[in-house]
Amino acid sequence: MRSGLPLILAAALGLVVPAGAAPAEVVGVGSKSFTESYLLAEIAAQVLETAGEARVERRLGLGGTGITFRAVAHGSIDLYPEYTGTLARAILKDAAATSVPAIRARLQPLGLTVSDPLGFDNTYALGVREDLARRLGLRRISDLRDHPGLTAAFSSGFLEREDGWPGLRRHYGLALGDVRAIEHALAYQALASGRVDVIDIFSTDGRLTRPGIVVLEDDRDFFPAYAAVLLVRLEFTERFPRSWAALRAAMVGRIDQGTMARLNAAADLDGRSVREVAADFLGAPAAGDDGTLLARELARLTVEHLILVAVAVATATLVGIPLGILAARSTSLGQLELMAVGALQTVPALALLCFMIPLLGIGTVPSLVALFLYALLPIVRATYTGLATLDGRLLEIAGVLGLDGWRRLLRIELPLASISILAGVKTSAILTVGTATLAAFIGGGGYGTLIVRGLALDDVGTILAGAVPAAVMALLFHGLFELVDRLLVPRGLRLTLARPA
Amino acid sequence: MIAVLRATKRYGAITALEDVSLEARRGTTHVLLGSSGSGKSTLLRAILGLVPLDAGDVVVDGLPVTPASRRRLVGQVGYVVQEGGLYPHLTARDNVALPADAVGWPRPRTAERLDALTALVGLDEGALGRYPSQLSGGQRQRVGLMRALVLDPPLLLLDEPLAALDPIVRADLQGELRRLFAALGKTVLLVTHDVREAVLLGATITLLHRGRVVQQGAFADLARRPAQPFVSEFLGAQAPPPELRELL
């Protein structure tokens with residue numbers, strides 16, 4: 001045990017050092033984890049690459065608004081696509097600040113600004129089946145008042161938000177007979193099959209480019225404007241004025257409702273890669289073919305994932321074993337400590353990652369800290385249990401033989417508990433391979449990057465491209481620890497196990 | 001010399017030892033005899049300073065022993081338990097060498113001592129390289145005895161050392177222990193429930209029952225002048241039945 005751990009750590013550090021050495025001039029481009037955000041961020045990234053002032057670092061598919069805004073506010077990224085309505089309501093918490101100048105004024109003290117609108121609104125809207133619309137003459141939302149017998153299925157967010165169904169119903173005085181909740185991804189099928197008549201949609205949804213669905217006009221201006229803009233750090237606009245100008249030239253006022261819906265459709269419905277769709281929009285050839293790109297990306301993600309797991313588990317082992325020893329030594333302190341480590345485990349992983357952002361920004365470091373905290377419990381518990389359940393008679397004899405304190409711990413207790421301790425480290429490593437996929441939500445990289453992207457693009461292939469290697473890595477770790485067991489568990493103990501008394 | 005003076009030990013409502021005194025003279029073997037639960041193992045562990053007494057004293061070579069001062073017994077007392085109490089992760093050789101390592105003996109000295117002890121207890125050379133789980137019960141016991149003797153302590157405490165062995169091996173080892181104790185001239189305190197072992201090995205015997213001393217003396221005293229009916233009862237219970245005695 002004493003000889004094995006430093007080795008693992010050294011190997012892990014050996015991987016970290018070259019990855020950490022990056023050039024100074026870097027622009028970080030972020031996105032939230034849904035198709036439109038990926039596409040806009042990728043377009044921005046390609047424009048920046050063409051401008052050539054700095055290396056572009058893509059941190060795409062960060063979780064929701066909270067994580068992504070914190071990332072730009074703390075300088076972990078320089079820009080990401082956002083919507084005026086979200087800025088006003090969710091970030092600035094001032095429903096009145098909807099105009100671009102008003103938002104700019106409010107963002108300035110935070111060191112942030114926004115571009116002028118890119119040209120489209122992504123807002124809620126109501127959609128009905130085309131044949132039904134023609135038959136009943138439905139064109140505007142107020143037309144629904146004359147048909148209370150229609151059935152509706154809304155996504156749960158829309159059903160509850162004040163700027164969704166509750167407000168809409170009051171604003172228009174609507175009374176639909178049958179309103180139920182539905183998963184957004186299934187709503188279109190439900191509509192097409194005729195099981196429901198009205199659904200909520202996003203106005204730039206790629207599916208709207210296909211026949212069969214009609215968007216009802218918001219004739220009484222209920223839905224707030226969600227104009228797409230780029231949210232950028234002021235510091236970025238000052239350091240890279242040429243890049244900033246190129247971004248505005250390529251994107252501001254260039255993407256209208258129909259264009260955005262077409263781009264979304266190309267990614268969501270035609271299964272084309274985000275990189276390709278973005279390059280098409282810019283009229284540039286896509287860089288490299290997708291096969292080699294994915295292979296290269298997978299190789300990079302594998303290294304990232306390995307580093308996350310190896311460093312987190314190695315440090316958790318170095319800290320966890322002494323904590324386990326401490327817990328076994330002192331009953332009261334031990335119980336307190338086991339409770340604390342156990343409580344850490346109950347914090348949802350995503351929440352823990354989110355808490356890390358104000359302290360450590362986004363990326364590898366906060367991911368490692370969070371993964372380290374999660375990796376701790378199995379190791380501390382296994383060390384504690386291994387030591388606490390040793391044969392008391394054998395420990396007593398050690399004292400009579402003149403082995404006390406440290407010498408008893410090192411020569412007798414730890415070797416006797418080694419099977420249990422190693423089992424804890426193994427469990428921790430395998431769990432961490434899985435947990436590490438969540439690091440992608442705060443830009444920590446690893447296989448989760450593909451899983452998050454696949455979920456956003458509704459692309460099972462991409463999800464599997466991240467999930468399958470993660471499962472394989474878990475199996476490899478399992479195999480690796482079988483070997484470690486052979487090296488570190490004393491032979492006499494393995495013999496004892498092999499032939500039960 | 002080992003002396004216990006009016007030792008009392010309670011675990012909650014259970015009395016493990018009540019006003020127990022005994023003396024084991026230098027160079028002789030004293031047996032603590034009793035059935036399980038009589039308090040004989042507790043007494044042995046109290047002598048080693050592993051159990052704090054509620055009242056009374058343990059004196060070894062003129063100095064009191066308590067859990068706080070038990071370290072001074074290292075090298076003074078050898079300790080053997082049932083099945084040898086060997087560490088499963090160490091080979092027989094490493095088990096035996098453990099006390100020598102603990103006091104920092106140089107390797108050659110330990111190796112020399114191991115050779116001498118191997119011959120003394122009659123262990124096959126090959127057994128030293130094996131792990132406890134690869135040894136027979138008798139071999140484990142011999143290794144345990146070697147470990148207790150490595151530092152050549154003047155005192156030897158044995159807690160039911162032969163209880164887990166089958167009858168033939170046990171009888172065999174009882175004979176060997178008798179020879180060994182006579183040859184080494186150590187002060188021995190042996191805990192057992194086996195009357196035959198007590199007769200064979202003990203110059204003097206303390207019979208314990210429910211934490212109290214029932215009678216002390218040579219076996220002949222206990223057999224001929226029992227202090228209580230319990231003495232005869234305990235000794236008689238392990239005597240071979242008349243039918244067997246006739247056949248033998």
Item to check | Where only C-alpha atoms are counted, convex hull volume of the stretch B:136-234 per residue in Å³ | outcome: 109
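If a helix is a whole DSSP H run, which ones in chain A reach 30 Å or further along their own axis (Cα) and hold a mean Kyte-Doolittle hydropathy of at least -0.5?
Both cut-offs are met by A:290-329, A:364-388, A:460-488.
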Checklist outcome for this item: With bins of 5 Å, the percent of all Cα-Cα pairs of the stretch B:1-105 per bin from 0 is 2, 10, 19, 21, 18, 14, 9, 5, 1, 0
Next on the checklist: Show me, bin by bin at 5 Å from 0, the whole-percent P(r) of the stretch A:424-501 based on Cα pairs.
Outcome noted: 3, 15, 18, 17, 13, 10, 7, 6, 6, 4, 1, 0
Checklist entry - With heavy atoms of protein chains only and a 1.4 Å probe, what residues of the stretch B:130-170 have at least 20 Å² less accessible area in the full set of chains than alone? => result B:Tyr131, B:Ser133, B:Gln134, B:Arg147
Checklist outcome for this item: Note on the stretch A:255-371: alpha-carbon gyration tensor, axes a ≥ b ≥ c; rule is a/c under 1.5 for rounded, else prolate if a/b larger than b/c, else oblate; result prolate
Item to check | the stretch A:124-215, Rg to Rh (Cα coordinates; Rh as Kirkwood inverse mean 1/r) | outcome: 0.92
Item to check | the stretch B:70-87-the stretch A:307-321 distance, computed between alpha-carbon centres (Å) | outcome: 39
Checklist entry - Mean projection of the alpha-carbon convex hull of the stretch B:205-248 over all orientations, in nm²? => result 3.5
Checklist entry - Could you work out the helix-only [θ] at 222 nm for chain B, with each DSSP H run of four or more residues adding -39,500 (n - 2.57) and the total divided by the number of residues, to the nearest 500 deg cm²/dmol? => result -11000 deg cm²/dmol
Next on the checklist: Test of understanding: extend the Cα→C-beta vector of A:Thr331 to 7 Å, then name every residue of the stretch A:338-379 with backbone N under 19 Å from that spot.
Outcome noted: A:338-340
Item to check | Cα-based convex hull, the protein assembly as shown, per residue volume (Å³, whole number) | outcome: 253
Checklist outcome for this item: By the C-alpha gyration tensor axes a ≥ b ≥ c (rounded if a/c is under 1.5, else prolate when a/b exceeds b/c, else oblate), the shape of the stretch B:38-175 is oblate
Checklist outcome for this item: Long-range alpha-carbon pairs in chain B, meaning those over 30 Å apart, account in percent for 28
Next on the checklist: If I take every Cα pair under 8 Å that is 6 or more residues apart in the stretch A:124-215, average their sequence separation and divide by the length, what percent do I get for the relative contact order?
Outcome noted: 48
Checklist entry - Is the stretch A:284-431 best put as rounded, prolate or oblate by its Cα gyration tensor, with a ≥ b ≥ c the root eigenvalues, rounded for a/c under 1.5, and otherwise prolate when a/b is larger than b/c, oblate when not? => result prolate
Checklist outcome for this item: Partner shielding of B:86-94, as the mean number of partner chain Cβ atoms within 10 Å, equals 6
Checklist entry - Cα-based count: Lys pairs in the protein assembly as shown below 28 Å, eight or more positions apart or different chains? => result 4
Checklist outcome for this item: Taking Cα atoms, the helix B:107-121 axis meets the longest principal axis of chain B at an angle in degrees (rounded to 10) of 50
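The values are calculated or read from the model by the stated rules, or taken from the named source; none is laboratory data. None of the values given here were measured: they were computed from a predicted structure. For neighbour counting, all protein chains shown are included, and Cβ atoms are generated from backbone atoms with ideal geometry for every residue, glycine included. What goes into the accessible areas is simple: the full protein's heavy atoms, side chains included, and nothing from ligands, DNA or RNA. Shrake-Rupley method; radii C 1.70, N 1.55, O 1.52, S 1.80 Å.
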